[in-house]
Amino acid sequence: MTAPAQPTSPRRSDATRAAILRAARERFAADGYERATIRAIAADAQIDPSMVMRYYGSKEGLFAAAAEFDLRLPDLAAVPPEQLGETLVRHFLTRWEGDETLVALLRAASTNPGAAERMRGIFTDQLTAAVATFGTDPTITARRAGLVASQILGLAYTRYVVRLPPMVDTTPQDLVSWVAPTLQRYLTGTPES
């Protein structure tokens, strides 16, 4: 007669999760999101692929947990107030076009609750903090940041995920010309303006 299986200890579980995250970070960095596989990540962590799925549910969930995202936002306090919208549009276009992990997170966030939570956290924490630096009324800072995020995420989704032809075909400079006035209003305007 065999003894009943012992539940996984919290320490072992934490060590397994840490090994998976470490392997996932390295694999996503080396191969990119699309080419990285659960099997390769599991092999790197020296565990069975089913354990990756047990802890993270899917490749998207693992990616959301493993990826470190810094929007590297500019210091908006150092930007002339009339150039805030333009500065942010240019910055985000540069970030989206230069970092496939942000596009992968956006793609994953549309179908995976963990990735969506990660995206919310990134934009809530980092963008709200940046918007707060240029002296906006603290009672509406989060709303201003949320409006900026809605515009930037919509732009990124249509240009980099859905690849809507008019958005893909528009030059970055033309996108800045179209979108910057909207962000400027979100950042410095009022609902009535």
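The values are calculated or read from the model by the stated rules, or taken from the named source; none is laboratory data. The shown structure was predicted, so the numbers you read here are calculated from the model rather than taken from an experiment. Glycine gets a Cβ as well: all are built from the backbone with ideal geometry, and neighbour counts include every protein chain shown. Please note that ligands, DNA and RNA were not included when accessible areas were found on the heavy atoms of the full protein model with its side chains. Shrake-Rupley method; radii C 1.70, N 1.55, O 1.52, S 1.80 Å.
General remarks:
- Among the candidates LEU147, LEU153, residue that is under 28 Å from TYR56 (Cα atoms) and open to solvent by 30 Å² or more (accessible area, probe 1.4 Å): LEU153
Listed here are the residues, each with its yes/no results for (1) open to solvent by less than 20 Å² (accessible area, probe 1.4 Å); (2) more than 27 Å from THR128 (Cα to Cα).
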{"residue": "ALA23", "(1), (2)": "yes, yes"}
{"residue": "ARG35", "(1), (2)": "no, yes"}
{"residue": "ASP44", "(1), (2)": "no, yes"}
{"residue": "ILE47", "(1), (2)": "no, yes"}
{"residue": "ALA65", "(1), (2)": "no, no"}
{"residue": "LEU71", "(1), (2)": "yes, no"}
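- Among the residues listed as PRO165, PRO113, the single one being surrounded by fewer than 19 Cβ atoms within 10 Å (Cβ to Cβ) and more than 27 Å from ARG25 (Cα to Cα): PRO165
- For the range 51-167, the helices (runs of 4 or more DSSP H) that sit wholly inside it and include 1 or more residues that are over 17 Å from the mean Cα position of the chain (by Cα) and in contact (Cβ under 8 Å) with a residue 12 or more places away in the chain are 84-98, 128-132, 141-156.
- ALA104 meets each of the listed conditions (1) under 26 Å from GLU34 (Cα atoms); (2) open to solvent by 20 Å² or more (accessible area, probe 1.4 Å) apart from (2).
- Hits in the range 168-178 - residues which are surrounded by 12 or more Cβ atoms within 10 Å (Cβ to Cβ), assigned to a helix (DSSP H, G or I) and polar (S, T, N, Q): SER177
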